1. Could you pull out the residue among 85, 72, 62 that is free of Cβ contacts under 8 Å to residues at least 40 places away in the same chain, farther than 19 Å from residue 263 by Cβ and either in a loop (DSSP other than H, G, I, E, B) or aliphatic (A, V, I, L, M) (or both)?
2. Look at the stretch 113-160 and say how many of its residues are modelled with pLDDT of 75 or more, open to solvent by less than 10 Å² (accessible area, probe 1.4 Å) and either closer than 18 Å to residue 186 by Cα or not in a strand (DSSP E or B) (or both).
3. When you look at residue 170, is it surrounded by 15 or more Cβ atoms within 10 Å (Cβ to Cβ), under 15 Å from the mean Cα position of the chain (by Cα) and within 26 Å of residue 76 (Cα to Cα), yes or no?
4. On the basis of being under 28 Å from residue 61 (Cα atoms) and touching a Leu at 6+ places or on another chain (Cβ under 9 Å), does residue 276 make the cut?
5. Restricting attention to the stretch 12-31, which residues are over 18 Å from residue 78 (Cβ atoms) and open to solvent by less than 50 Å² (accessible area, probe 1.4 Å)?
6. Using the structure shown, decide if residue 94 is small (Gly, Ala, Ser), touching an Asp or Glu at 6+ places or on another chain (Cβ under 9 Å) and farther than 25 Å from residue 47 by Cβ.
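The values are calculated or read from the model by the stated rules, or taken from the named source; none is laboratory data. These figures come from a predicted structure and were not determined experimentally. FYI the Cβ positions are ideal-geometry reconstructions off the backbone, even for glycines, and counts take in every protein chain you see. For the accessible areas, the whole protein counts, side chains as well, though only heavy atoms, and no ligand, DNA or RNA atoms are used. Shrake-Rupley method; radii C 1.70, N 1.55, O 1.52, S 1.80 Å.
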Amino acid sequence: MSIQWFPGHMSLARKKAAETMEWVDVVIEVVDARLPEASSNPLIRTLRQHRQRPALKLLNKADLADPAATRAWLDFYNQQNGIKAVALSCKTKADVSRVTGYCQSIAPHRNDNTKPLRMMIMGIPNVGKSTLMNALVKRRVAAVGDEPAVTKAQQSFDLGPGMTITDTPGLLWPKIQYDSDGYMLAASHAIGTNAVMEEDVAAFLGDILLARYPKLLTTRYGIALRRLDGPSLLEAVAKRRGCLIKGGDLDLEKAALILLDDYRSGTLGRISLETPETREAMIALESREEGRGARGEGEAEV
């Protein structure tokens, strides 16, 4: 199943963001530390590079991510031109208090107080942009919720002498290139539930957890993992938690929500769905499969 989600307001938000980009000095891109590259909108990179704007890439929710994976991603991003990457939690005041200083460090031409440092927060839905905005402004100016696409319009504020900041709606891109990205985004609740089947998403998540974090599964659910895959893991969780529907059949939808909620909340433990190495392998695999599919279609047409 290919997952795509691009609500109508995002097209207008993208156009408005491109206009605003013209006069900002620094783009603050907020991503999910558990899936930094899957949650990086390529449209943001294209807009930023077109205007030659530096980026402060904030790996938010770092308290939920695997620390080793986060370190690898920071090394990966900080080797790229025009990017400063930092891991933090936008719910932690000490972390947020350093954000404007990071922005000043990558826009030194705004340190002379002749013009304000103009910052712009961007990112996909539900990665914590509004939480960051509220913390920077020190009052509730942006709606915060556990559903994607809560913010639907830009808003700007002064942060004191010599600093302004603009918050933007969460932006996805019209076509998600890799199926695995769609599943990771859905598992992390960056995509609306009307675009996904929870059981499929939870089974995908289960395969990752079985391969990389089996001890966390055993600790949380107390089940034997031998010979399990994603779908059979859901069955095991359903049996363990007594998820049944009328007639005594397993309620796999309920089990899927249990697994997804435990991952999203951090109840399972600190988990990252990708590393630079696993992403490279995923892209190579999906590219090969796409190539085989294209060849197969060509042969069928002949």
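1. The match here is 85.
2. Of the residues in the stretch 113-160, 6 are modelled with pLDDT of 75 or more, open to solvent by less than 10 Å² (accessible area, probe 1.4 Å) and either closer than 18 Å to residue 186 by Cα or not in a strand (DSSP E or B) (or both).
3. yes
4. The answer is no for residue 276.
5. 13, 17, 18, 20, 21, 24, 25 - these are the residues of the stretch 12-31 that are over 18 Å from residue 78 (Cβ atoms) and open to solvent by less than 50 Å² (accessible area, probe 1.4 Å).
6. no
Residues are listed down the side, and each one gets a yes or a no for (1) of a type in the set (Ser, Thr, Tyr); (2) closer than 21 Å to residue 157 by Cβ:
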{"residue": "29", "(1), (2)": "no, yes"}
{"residue": "59", "(1), (2)": "no, no"}
{"residue": "67", "(1), (2)": "no, no"}
{"residue": "74", "(1), (2)": "no, no"}
{"residue": "83", "(1), (2)": "no, no"}
{"residue": "93", "(1), (2)": "no, yes"}
{"residue": "105", "(1), (2)": "yes, no"}
{"residue": "121", "(1), (2)": "no, yes"}
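Quick grid of which residues meet (1) among the charged types (D, E, K, R); (2) out of contact with any Ser or Thr (no Cβ under 7 Å at 6 or more places or on another chain); (3) farther than 30 Å from residue 137 by Cβ:
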site	(1), (2), (3)
176	no, yes, yes
179	yes, no, yes
205	no, yes, yes
212	yes, yes, yes
230	no, yes, yes
